[in-house]
1. Report which label in (1) 14, 35, 39, 11, 0; (2) 17, 50, 30, 3; (3) 17, 38, 33, 11, 1 holds the value of P(r) over Cα pairs in 10 Å bins from 0, in percent derived from the coordinates of this structure.
2. Under a Cβ-only charge scheme (Lys and Arg +1, Asp and Glu -1), can you give me the dipole magnitude of the chain about the Cα centre, in debye to the nearest 20?
3. Which value at 222 nm does the chain reach when only helices count, each DSSP H run of 4 or more adding -39,500 (n - 2.57), with the total divided by all residues and rounded to the nearest 500 deg cm²/dmol?
4. I want the local charge near Val26. Using Cβ-Cβ distances under 9 Å, sum +1 for each Lys or Arg and -1 for each Asp or Glu among the other residues.
5. Could you pull the Cα extents of the stretch 24-70 along its three principal axes, largest to smallest, in whole Å?
6. By the 4.7 Å beta carbon criterion, which cysteine residues of the chain come out unpaired?
7. Among Ser6, Val54, Asn72, whose Cα lies farthest out toward the positive end of the dipole of the chain, if unit charges sit on the beta carbon of Lys, Arg (+1) and Asp, Glu (-1)?
8. Where does the charge balance sit around Gly68 when Lys and Arg score +1, Asp and Glu -1, over other residues with C-beta under 15 Å from its C-beta?
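Nothing in this text is a laboratory measurement; each read-out follows from the coordinates by a stated rule. These numbers were taken from a predicted model, which means no experiment stands behind them. Cβ atoms come from the backbone with ideal geometry, glycine included; neighbour counts cover every protein chain shown.
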Amino acid sequence: MTGELSGEHSYVENNCETCHVPWKGVNNKSCLECHYDAKYEVKGDLAEIHGLSVKKTRCFDCHEEHRGRLHNINPVQNAAL
């Protein structure tokens, strides 16, 4: 996906491999290397994320990136999954 990163992640915009694994895309391990304090645990086809049980198990399912500098990726609009 192309496009500007959010303001929070703009410092890695020219280093795609910070988040993206070649030929595989972004995985949670990449996110958790920086966001190690995020509460995340997979339990079968559900995940415990930020204290919620959700069906979506990838960070970027809720925290959408590449939507520009002004896009705030922190609010999770669709957390009832």
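1. Recomputing P(r) over Cα pairs in 10 Å bins from 0, in percent here picks out (2).
2. The calculation lands at about 240 debye.
3. Mean residue ellipticity at 222 nm (helix-derived): -3000 deg cm²/dmol.
4. Around Val26, the surrounding residues sum to +1.
5. Here the spans come out as 33, 24, 19 Å, largest first.
6. Cys16, Cys19, Cys34, Cys62
7. The one lying farthest along the dipole's positive direction is Val54.
8. Neighbour charge sum, excluding Gly68 itself: -3.
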